Amino acid sequence: MALGLVLMLLGFFALLAQSGNFVEYRLMRKLKHHGVDGQAVYKFYEYVTNSHRAFFDVCLPEGEPPARFHEYMQALPGPEGTVVPVVHDSRKPRHAKTGTRADLDFDKERPVVLLMGGTGLVLLGVGALLCLISAVT
């Protein structure tokens, strides 16, 4: 029973450790498949520890509601009102990232998601199975 609980705890921590990479990987993968090159206008920023949270408004066709997204960056893109290239999801424009589709690179996140996420799920499953077996016997 104790081994099962330890394995479940390790699996939970592995899943928790890769959760940020998983979110980034999913966003980049969606943008790679459904992304549209466009433009965004830099609006304002908030200072956060050692970086800036910059807010952008995606330039959409007339009649569509505005879509605002933010990105954490070390250096600001310029003064307020600067137009930057952006890739946004055609279905949900608030899911966006500055740059072009050719610049999208999620190769760093994929191995972390597969290794840590897969290991975490296996540890969680084996630990739950061990707990179930020891509870039954």
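Coordinate-derived values only; no laboratory data. Nothing here was measured: the structure is a model prediction, and the numbers come from that model. Every residue, glycine among them, receives a Cβ derived from its backbone with ideal geometry; neighbour counts consider all protein chains shown.
Helices assigned as whole DSSP H runs in the chain whose Cα atoms extend at least 18 Å along their own long axis and whose mean Kyte-Doolittle hydropathy is 0.0 or higher are found at 2-17, 118-136.
In order along the stretch 46-53, the phi-based Karplus estimate (6.51 cos²θ - 1.76 cosθ + 1.60, θ = phi - 60°) of 3J(HN,Hα) comes to 10, 7, 10, 3, 6, 7, 10, 9 Hz; Gly and Pro are listed as x. For the pair SER134 and ALA75, label points projected 7 Å from Cα toward Cβ lie 5.5 nm apart.
With the convex hull drawn over the C-alpha atoms of the stretch 2-136, the volume per residue is 145 Å³. Considering helices alone, the calculated mean residue ellipticity of the chain at 222 nm is -13000 deg cm²/dmol, with DSSP H runs of length four and up weighted by -39500 (n - 2.57) and normalised per residue. Identify all lysines with a Cα-Cα distance to LYS108 below 19 Å; exclude those on the same chain that are fewer than 8 residues away in sequence. Reachable lysines: LYS30, LYS32, LYS97. Selection among ALA128, HIS70, PHE56 by position relative to the dipole of the chain gives ALA128 as farthest towards the positive end (Cβ unit charges, Cα centre).
In this structure the amide hydrogen of LEU76, modeled in the peptide plane, comes within under 5 Å of no amide hydrogen from residues 5 or more places off or on another chain. Charging the Cβ of each Asp and Glu at -1 and of each Lys and Arg at +1, and nothing else, the dipole of the stretch 2-136 about its Cα centre rounds to 320 debye.
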